[in-house]
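Undergrad: What follows is a structure written as structure tokens; I'll ask about it next.
The values are calculated or read from the model by the stated rules, or taken from the named source; none is laboratory data. The model shown is predicted, which means the values in this text are computed figures rather than measured ones. FYI the Cβ positions are ideal-geometry reconstructions off the backbone, even for glycines, and counts take in every protein chain you see.
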Amino acid sequence: MGADDRDLARITAKKLQELKRRAVALEKAAKVSSDTKPTERSPRDVLVQKLYDRGLEVLETAETFYPTQTALVVNKLAELVNRGDVRERISGGELLSLFRSIGLRIRVPTSINIEKHGKSVPLGDRLKITD
């Protein structure tokens, strides 16, 4: 082998080594970026972020009594939120009204409390007649 051939072989080896190093760096970068990609939010999570004023309580009650039907409603509402068709927040009353309008009878426990001597007392206890 001549001097030119050895120089050419050395340059080729250096370039090959540089290409391998770059390939490893690109693979590491691709792995890190795939690990840090934001995960897709579930339809329920999308909807829960839009709920307020006992909305989560209504949703959980609906899931307890009608899990299949509630999942369908949640998927559709999340789709509308993701498309931007629903921009406002959804109250518990509005969600309850929606469920009732499609025939799902959901009962959310409610109570009325009043103040009596600095304590919160249920209205039923306050109205009881004592002898």
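Undergrad: Is it true that S111 is more than 17 Å from P43 (Cα to Cα), without any contact (Cβ under 8 Å) to a residue 40 or more places away in the chain and in a helix (DSSP H, G or I)? Lay out the reasoning, then the answer.
TA: Values: more than 17 Å from P43 (Cα to Cα): yes; without any contact (Cβ under 8 Å) to a residue 40 or more places away in the chain: yes; in a helix (DSSP H, G or I): no.
When the stated conditions are applied, S111 does not pass them.
Undergrad: Any residue in the range 74-92 that's in a helix (DSSP H, G or I): show its pairings with residues that are of a type in the set (K, R) at Cβ separation under 7 Å, as long as the two are six or more apart or on different chains.
TA: V74/R44; V81/K50; G92/R54
Undergrad: Restricting attention to the range 1-51, and to residues there that are outside any helix (DSSP H, G or I) and of a type in the set (D, E, K, R), which single residue is modelled with the lowest pLDDT? Explain how you work it out, then say what you get.
TA: The first filter runs over the range 1-51 and keeps only residues outside any helix (DSSP H, G or I), leaving 1-2, 36-42, 51.
Cutting the leftovers down to of a type in the set (D, E, K, R) gives us 37, 40-41.
On the way: K37: 50, E40: 77, R41: 83.
The selected residue is K37.
Undergrad: Then there's this: Just to be sure I understand, how many residues within the range 40-62 are closer than 19 Å to R100 by Cα and exposed (fewer than 15 other Cβ atoms within 10 Å of the Cβ)?
TA: Count: 4.
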